[in-house]
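To start, the structure under review is shown below, and the notes come after it.
The values are calculated or read from the model by the stated rules, or taken from the named source; none is laboratory data. This is a predicted model, so every value here is computed, not measured. Cβ placement follows ideal geometry from the backbone for every residue including glycine, while neighbour counts extend to all protein chains displayed.
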Amino acid sequence: MKDVDGLTRENAGRLMRGELKRTIFPCTPYGCLYLVQKATGDDNYVCGKNVVVLGRSKIVGSPAAALFLWHHGTVTICHSKTRDIKEQCLKADILVVAIGKKHFVKGDWIKPGAVVIDCGINVEEATEPGKKNKLFGDVDFEEAKKVASFITPVPGGVGPMTVAMLIRNTYEQAVARRLQQNGKTESLNSQMRQAAV
């Protein structure tokens, strides 16, 4: 069982080439896709939608963009050099934010009815002894929830989904290994992906 977090070069290459049946999806992007599908109640919701991904990291942004692209979304990646980020966000039916800046995206940046997935983790240190640090996302949740149809909170949104996808990847790889040991060529991973795609 290797690379259950889906972050090796081999898996990244497969994902970028669209070889979904053989790819172990990176956990956070996989969780983002799953959240969109389950929140909307439509496994094909991404198909034909404008997806804007803020951030191009190798861990979240780039693989999320590829995953949404291969699920037939029209994907735009925004980064620190992108001009008019607000205007790009306003076009998004699905907005995935992973840039590491507290409350960077405001409510007036969000298209009414959009699905917003906030992957940001920003820690505000406690200023008083005995107090706990606070976590904030990259999206101003209080403003955005008035506009978005679905939005993930921070904490409690993408983080738990990342863990769930890690467990799912681990399970799928364990079953795939068992099938290979028993001489079966098709893995559970590819069987599950065929049902999902």
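Just a few scattered comments:
- Among residues that are part of a loop (DSSP other than H, G, I, E, B) and either farther than 21 Å from residue 138 by Cβ or not hydroxyl-bearing (Ser, Thr, Tyr) (or both), residue 44 is included.
- Selection from segment 65-102 of residues that are touching a residue at least 40 places away in the same chain (Cβ under 8 Å), part of a helix (DSSP H, G or I) and either hydroxyl-bearing (Ser, Thr, Tyr) or crowded, with 23+ Cβ neighbours inside 10 Å (or both): 66, 67
- Counting only helices (runs of 4 or more DSSP H) that sit completely within segment 118-197, those holding 3 or more residues that are at pLDDT 95 or above correspond to 141-144, 158-181.
- Residues that are in contact with a Cys (Cβ under 8 Å, 6 or more places away or on another chain) and over 21 Å from residue 45 (Cβ atoms), drawn from segment 138-162: 138
- The residues of segment 103-116 that are part of a loop (DSSP other than H, G, I, E, B) and more than 9 Å from residue 144 (Cα to Cα), listed by number, are 103, 104, 111, 112, 113, 114.
- Subset of segment 65-123 that is under 16 Å from the mean Cα position of the chain (by Cα) and among the charged types (D, E, K, R) - its residue that is farthest from residue 142 (Cα to Cα): 93
- Output for segment 15-41, where each listed residue is among the hydrophobic types (A, V, I, L, M, F, W, C) and farther than 19 Å from residue 139 by Cβ: 15, 16, 20, 24, 25, 27
- Matching residues in segment 52-64 - criterion: being surrounded by fewer than 19 Cβ atoms within 10 Å (Cβ to Cβ) and closer than 18 Å to residue 35 by Cα: 59
- Residue pairs whose Cβ atoms lie under 7 Å apart, sitting 6 or more positions apart in sequence or on different chains, and linking a residue in segment 143-172 that is under 23 Å from residue 110 (Cβ atoms) to a partner that is surrounded by fewer than 17 Cβ atoms within 10 Å (Cβ to Cβ) and of a type in the set (D, E, K, R), are 143/106; 151/145.
- Those residues of segment 5-41 which are surrounded by 18 or more Cβ atoms within 10 Å (Cβ to Cβ), in a loop (DSSP other than H, G, I, E, B) and modelled with pLDDT of 90 or more, in sequence order: 24, 25, 26
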